[in-house]
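*Asks:* One structure is given below, represented as structure tokens, and several questions about it will come after.
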């Protein structure tokens with residue numbers, strides 16, 4: 001972690017102090033010296049001032065809390081899963097239900113049992129009828145040799161298997177053995193340019209269209225790839241057939257389903 005990353009909580013604390021000071025200053029309104037002490041007018045003004053002060057403090061505290069929520073994910077952008085963070089080794093017998101609130105980036109799942117495919121839970125679209133005669137996986141962008149592959153050609157590519165934990169925060173966790181494309185081979189065949197920095201995966205066009213991009217470092221390290229099988233079986237339709245993203249260390253929202261396009265950038 002660099003100096004800037006370590007200093008972010010300090011800067012946030014300074015922001016809190018400044019904001020709180022401003023609230024205290026401006027929530028105390030000025031009083032007129034012409035008002036007679038103990039008069040009815042003074043009492044009415046005091047009641048109005050109290051209501052205004054409460055309204056102001058309520059609004060200010062709302063902004064303050066919102067700033068914390070907004071800035072919290074901003075801080076996380078500067079933290080890398082590989083930036084010296086220590087993973088928590090989950091003990092044997094850990095219930096996957098207890099992981100729904102955890103961050104997959106910080107979890108070592110070597111002892112975690114594999115979730116039976118019948119128990120896999122899903123979010124988002126669960127139906128995507130595919131005509132495999134027409135379906136193609138395209139690879140475009142910063143490549144010298146754009147590709148358009150049939151499903152059979154995709155399956156014939158050099159493959160890899162990886163245990164990875166999919167967490168849909170607040171809902172469920174699926175730990176599976178995912179089988180799919182060895183991405184470095186796919187990029188080699190597409191002749192990706194040396195200066196390429198990221199890969200974007202896109203789901204079908206239409207109402208469910210999604211896209212997610214990942215840095216080339218994660219692609220080359222095999223932490224992010226396209227899978228067509230899980231737990232020894234063909235990837236079910238509800239889980240993303242023909243292809244879905246597997247993104248080790250990322251929340252399930254990044255594991256988009258029904259991928260048909262890859263763009264190198």
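*Asks:* What ranking do 178, 135 get, fewest neighbouring Cβ atoms within 10 angstrom at the top?
*Replies:* Arranged by neighbour count, lowest to highest, 178, 135 become 135, 178.
*Asks:* Consider a paramagnetic label point 7 Å from the Cα of residue 127 along Cα→Cβ; state which residues of segment 194-235 have an amide N under 18 Å from it.
*Replies:* Flagged as within label range: 204-209.
*Asks:* Next question, about the same structure. Which ordering of 205, 193 is given by a fewest-first count of other beta-carbon atoms within 10 Å?
*Replies:* Ranking 205, 193 by Cβ neighbours within 10 Å, fewest first, gives 205, 193.
*Asks:* Expressed as a whole number of Å, what is the distance separating the alpha-carbon centroids of segment 147-161 and segment 167-242?
*Replies:* Centre-to-centre (Cα) distance: 13 Å.
*Asks:* For residue 238 and residue 118 in one chain, what is 0.36 nm times their gap in residues minus the Cα-Cα distance, to one decimal in nm?
*Replies:* Length difference between fully extended and current span is 42.1 nm.
*Asks:* Given R₀ = 41 Å, FRET efficiency for residue 86-residue 159 by Cβ-Cβ distance, to 0.05?
*Replies:* 0.85
*Asks:* Same structure again: Listing 194, 257 from the residue with the fewest other Cβ atoms within 10 Å to the one with the most, what is the order?
*Replies:* 194, 257
*Asks:* For a paramagnetic label modelled at 7 Å from the Cα of residue 150 toward its Cβ, which residues of segment 212-252 fall within the zone defined by backbone nitrogen distances under 18 Å?
*Replies:* From segment 212-252, the list is 242-243.
Every read-out reported here was derived from the displayed coordinates using simple, explicitly stated rules and does not represent laboratory data. Bear in mind that the values here come from a model prediction, so they are computed numbers and not experimental data. Glycine also receives a Cβ, built like all others from the backbone with ideal geometry; neighbour counts cover every protein chain displayed.
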